[in-house]
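Q: One structure follows; several queries about it will come next.
The values are calculated or read from the model by the stated rules, or taken from the named source; none is laboratory data. Computed from a predicted structure; not experimentally measured. Cβ atoms come from the backbone with ideal geometry, glycine included; neighbour counts cover every protein chain shown.
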Amino acid sequence: MKLYTKPGACSTAVHIDLCWTGQPFELQVVDADYMKSPQFRALNPSGAVPVLVDGDFVLTQNAAIVGYVADSFPQAGLAGDGGARQRAEAGRWLAFVNSDLHPAFKPIFGPGNYIEDPAQHDALKAAARKRVRSLFEVADRQLAGRDWLAGFRSYADPYLYVTTRWADRVGVDLSGLEHLAAFRARMDADAGVQQALKAEGLA
């Protein structure tokens, strides 16, 4: 397997998942210019990461890729114990991060994609920060009494972790979210997380 990742993007979550499998994989760290190149667009015409290449199989989209990694390395338990309920719990929290939390950041990252008038961009970003905060509050409540979102370590956790790093970068207030802060500290100290961050130049 070969993963194409951009440092700190959602692809970093896939990178952590691969580290958690304990299995060998190839890594190519790319930048925005490379993502516009013909060779990368041949893999993913939308020019986005992550991209996973496994032999002649090319896969895009974060949620699909982490599911494929989990199925390819079931011993890592990234989707639970193999039972329907744990797979559903892992999928539920992956969907929360992928479908609710991640998109909520988009008006902060690119307000011009939503409102043309630059004078309104700050107000839009402020509203988006409140929305992001409310979603982190959901995660904080879920983490009460748990080390991991699904109740066991799953592919949802690296994705949540990456979004907490985005929150730091764009000024989302996470104060008072003690369970989330403890989760972040556990992830920061995790060997697989550190492996991925170092490889992407983020440690």
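Listed here are the residues, each with its yes/no results for (1) in the same structural domain as PHE25 (by TED's automatic domain parsing); (2) more than 26 Å from TYR68 (Cβ to Cβ); (3) not in a helix (DSSP H, G or I).
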position	(1), (2), (3)
HIS121	no, yes, no
VAL132	no, yes, no
VAL138	no, yes, no
ARG165	no, no, no
GLY176	no, yes, yes
ALA181	no, yes, no
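Q: In the list ARG131, ARG87, which residue meets the criterion of being touching a residue at least 24 places away in the same chain (Cβ under 8 Å) and basic (Lys, Arg)? Before the answer, list the steps.
A: Working: ARG87 fails: touching a residue at least 24 places away in the same chain (Cβ under 8 Å).
Step by step, each of ARG131, ARG87 is checked, and only ARG131 is touching a residue at least 24 places away in the same chain (Cβ under 8 Å) and basic (Lys, Arg).
Q: Name the residues in the range 62-83 that are under 16 Å from TRP93 (Cα atoms) and surrounded by 14 or more Cβ atoms within 10 Å (Cβ to Cβ), would you?
A: Selection gives ASN62, ALA63, ILE65, VAL66, GLY67, ALA70, GLY77, LEU78, ALA79, GLY80.
Q: Quick one: in the range 84-119, of everything that is outside any helix (DSSP H, G or I) and more than 22 Å from LEU160 (Cβ to Cβ), which residue is nearest to the chain's Cα centre (by Cα)?
A: To start, the set of residues in the range 84-119 that are outside any helix (DSSP H, G or I) comprises 105, 110, 114-117.
After this cut, where a residue has to be more than 22 Å from LEU160 (Cβ to Cβ) as well, the list is 114-117.
Numbers: TYR114: 23, ILE115: 26, GLU116: 28, ASP117: 30 Å.
Here the answer is TYR114.
Q: What are the residues in the range 152-190 that are without any contact (Cβ under 8 Å) to a residue 12 or more places away in the chain and not charged (D, E, K, R), if any?
A: SER175, GLY176, ALA181, ALA185, ALA189
Q: Quick check, is SER72 closer than 25 Å to LEU202 by Cα, among the small types (Gly, Ala, Ser) and at pLDDT 95 or above?
A: no
Q: State yes or no: is ILE108 closer than 25 Å to TYR4 by Cα, in contact with a Pro (Cβ under 8 Å, 6 or more places away or on another chain) and either of a type outside the set (S, T, N, Q) or not assigned by TED's automatic domain parsing to the domain that holds GLU137 (or both)? Walk me through it before giving the result.
A: Details: closer than 25 Å to TYR4 by Cα: yes; in contact with a Pro (Cβ under 8 Å, 6 or more places away or on another chain): no; either of a type outside the set (S, T, N, Q) or not assigned by TED's automatic domain parsing to the domain that holds GLU137 (or both): yes.
Considered against the rule, which asks whether it is closer than 25 Å to TYR4 by Cα, in contact with a Pro (Cβ under 8 Å, 6 or more places away or on another chain) and either of a type outside the set (S, T, N, Q) or not assigned by TED's automatic domain parsing to the domain that holds GLU137 (or both), ILE108 comes out as no.
Q: Also, I was wondering about something else. Pairs under 9 Å by beta carbon, first residue touching a residue at least 24 places away in the same chain (Cβ under 8 Å) in the range 1-24, partner basic (Lys, Arg) and outside any loop (DSSP other than H, G, I, E, B), six or more apart or different chains?
A: Going by the 9 Å Cβ cut-off, the qualifying pairs are GLY8/ARG165; GLY8/ARG169; THR12/ARG165.
Q: Now, a different point. Given the structure, is GLN23 surrounded by fewer than 19 Cβ atoms within 10 Å (Cβ to Cβ), in the same structural domain as ASP173 (by TED's automatic domain parsing) and not acidic (Asp, Glu)?
A: Numbers: surrounded by fewer than 19 Cβ atoms within 10 Å (Cβ to Cβ): yes; in the same structural domain as ASP173 (by TED's automatic domain parsing): no; not acidic (Asp, Glu): yes.
It is false that GLN23 is surrounded by fewer than 19 Cβ atoms within 10 Å (Cβ to Cβ), in the same structural domain as ASP173 (by TED's automatic domain parsing) and not acidic (Asp, Glu).
Q: Next up: Quick test of your reading of the structure: TRP148 fulfils all but one of (1) in contact with a Ser or Thr (Cβ under 9 Å, 6 or more places away or on another chain); (2) within 30 Å of SER175 (Cα to Cα); (3) not in a loop (DSSP other than H, G, I, E, B). Name the failing condition by number.
A: Tallying (1) in contact with a Ser or Thr (Cβ under 9 Å, 6 or more places away or on another chain); (2) within 30 Å of SER175 (Cα to Cα); (3) not in a loop (DSSP other than H, G, I, E, B), TRP148 fails exactly one: (3).
Q: Say we look at the range 183-201 and pick out the residues that are assigned to a helix (DSSP H, G or I) and among the small types (Gly, Ala, Ser); which of these is nearest to the chain's Cα centre (by Cα)?
A: To start, the set of residues in the range 183-201 that are assigned to a helix (DSSP H, G or I) comprises 183-189, 191-199.
Those still in the list that are among the small types (Gly, Ala, Ser) too: 185, 189, 191-192, 196, 199.
Details: ALA185: 16, ALA189: 17, ALA191: 17, GLY192: 14, ALA196: 12, ALA199: 16 Å.
Top of the filtered list is ALA196.
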